[in-house]
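Asker: What follows is a single structure, and I will ask about it in a moment.
The values are calculated or read from the model by the stated rules, or taken from the named source; none is laboratory data. Quick caveat: nothing in here was measured; it's all calculated off a predicted structure. Note: ideal-geometry Cβ built from the backbone for every residue, glycine included; neighbour counts use all protein chains shown. Protein only, heavy atoms only, side chains kept; ligands, DNA and RNA dropped before computing areas. Shrake-Rupley method; radii C 1.70, N 1.55, O 1.52, S 1.80 Å.
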Amino acid sequence: GRMGGYGGSGIVVVRYLKSSNTAKATGGAISFYNGKTVHVFTTSGTFTVSSGPVDCEFFIVAGGGGGGYDAAGGGGAGGVVHHPGLTVANGPYTVTVGGGGAQGSSAQAPRGANGSPSAFGPITSTGGGAGGANQTSPSDEKDGAPGGSGGGAKSTTAGTGNTPPASPSQGFPGGDDPTGGSH
C-alpha cells in the first residue's frame, strides 16, 4: 500500500475597494486588482487598519486534512468561510493561517490528522477532516474524520466518510467506502 500525503495549508484573503494607490491597511502580500486592494496571508500575521473604517470582504480557508496510512482515504479540504461585508475599524487584527494535517504514519497511528483552523479575529474556518485508513482495528480508524470538509473513508471493509460539523456548512462530507474499494 501507499501512504496518504500531508494536507495543504490554508490561506486568508482580505479585500476592499481601492480609493487610491495606497493601501488602507498593512499585513500580508498587498496587491491592487480590478479596483480593489487585496491582502493575501499565506502565513499567520497581523492585519492593521490605519485609514479606517474599511468595508472588507474575507475568504478564510483552513488547512486540509492529512491522508490515512496504507492505501487509505484522502483528507478533506479545509473549511471555507466567505464573509462578503464587514466594517473593520482602525487597529490590529490577528490573522491565523492553519497548516495541513499530517499523514497517517504507521499501523499504530493509521488515520491522518485534521487540518488546523484559519481565522481573521473571531471569524474561524474549520480544518479539514483526516482521511481514514486501511485498518480493521481500531474500527473507527477506517472512517474519515469530521472537519471543514470530512475526510474520505478507506478500509478493507466498509467505511464512512464523515460530515462537516460547522453550521452553516464550510464544506462537504467525505466519500464513503461501502464496498471496501478505493475512493
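Asker: Within region 65-87, can you find the residues that are over 15 Å from GLY147 (Cβ atoms), in contact (Cβ under 8 Å) with a residue 60 or more places away in the chain and either in contact with a helix residue (DSSP H, G or I) (Cβ under 7 Å, 6 or more places away or on another chain) or not hydroxyl-bearing (Ser, Thr, Tyr) (or both)?
Answerer: Once the filter is applied, which keeps residues that are over 15 Å from GLY147 (Cβ atoms), in contact (Cβ under 8 Å) with a residue 60 or more places away in the chain and either in contact with a helix residue (DSSP H, G or I) (Cβ under 7 Å, 6 or more places away or on another chain) or not hydroxyl-bearing (Ser, Thr, Tyr) (or both), region 65-87 yields ASP70, ALA71, ALA72.
Asker: Is region 81-96 home to any residue that is modelled with pLDDT of 90 or more, part of a loop (DSSP other than H, G, I, E, B), of a type outside the set (Asp, Glu) and within 11 Å of the chain's Cα centre (by Cα)?
Answerer: Within region 81-96 (the criterion being modelled with pLDDT of 90 or more, part of a loop (DSSP other than H, G, I, E, B), of a type outside the set (Asp, Glu) and within 11 Å of the chain's Cα centre (by Cα)), the answer is no, since none of the residues qualifies.
Asker: Sort out which residues of region 53-64 are farther than 20 Å from SER149 by Cβ and not hydrophobic (A, V, I, L, M, F, W, C), and write them in order of number.
Answerer: The answer is PRO53, ASP55, GLU57.
Asker: Here's another thing I want to ask about it. Here are the criteria: (1) open to solvent by 10 Å² or more (accessible area, probe 1.4 Å); (2) within 24 Å of MET3 (Cα to Cα); (3) out of contact with any Pro (no Cβ under 8 Å at 6 or more places or on another chain). Tell me which single one PRO146 does not satisfy.
Answerer: So the condition that PRO146 fails would be (3).
Asker: Further question on the same structure: Restricting attention to region 1-36, which residues are among the β-branched types (Val, Ile, Thr) and at pLDDT below 95?
Answerer: Of everything in region 1-36, just one residue is among the β-branched types (Val, Ile, Thr) and at pLDDT below 95, namely THR22.
Asker: Quick one: would you say THR43 is of a type in the set (Ser, Thr, Tyr) and assigned to a strand (DSSP E or B)?
Answerer: Judged against the criteria, THR43 is not a match.
Asker: Filter region 89-106 down to the residues that are more than 16 Å from THR42 (Cβ to Cβ) and either touching a residue at least 60 places away in the same chain (Cβ under 8 Å) or open to solvent by 50 Å² or more (accessible area, probe 1.4 Å) (or both) and list them by number.
Answerer: Passing the criteria: ALA89, ASN90, PRO92, TYR93, GLY101, ALA102, GLN103, GLY104, SER105.
Asker: Which one is nearest to SER125 (Cα to Cα) among residues in region 12-40 that are out of contact with any Phe, Trp or Tyr (no Cβ under 9 Å at 6 or more places or on another chain) and assigned to a strand (DSSP E or B)?
Answerer: So, considering only residues that are out of contact with any Phe, Trp or Tyr (no Cβ under 9 Å at 6 or more places or on another chain) and assigned to a strand (DSSP E or B), the one nearest to SER125 (Cα to Cα) is VAL40.
Asker: Right, next: Given ASP55, ASP70, which one is among the acidic types (Asp, Glu), open to solvent by 30 Å² or more (accessible area, probe 1.4 Å) and either at positive phi or outside any strand (DSSP E or B) (or both)?
Answerer: Selected residue: ASP70, the only one of ASP55, ASP70 that is among the acidic types (Asp, Glu), open to solvent by 30 Å² or more (accessible area, probe 1.4 Å) and either at positive phi or outside any strand (DSSP E or B) (or both).
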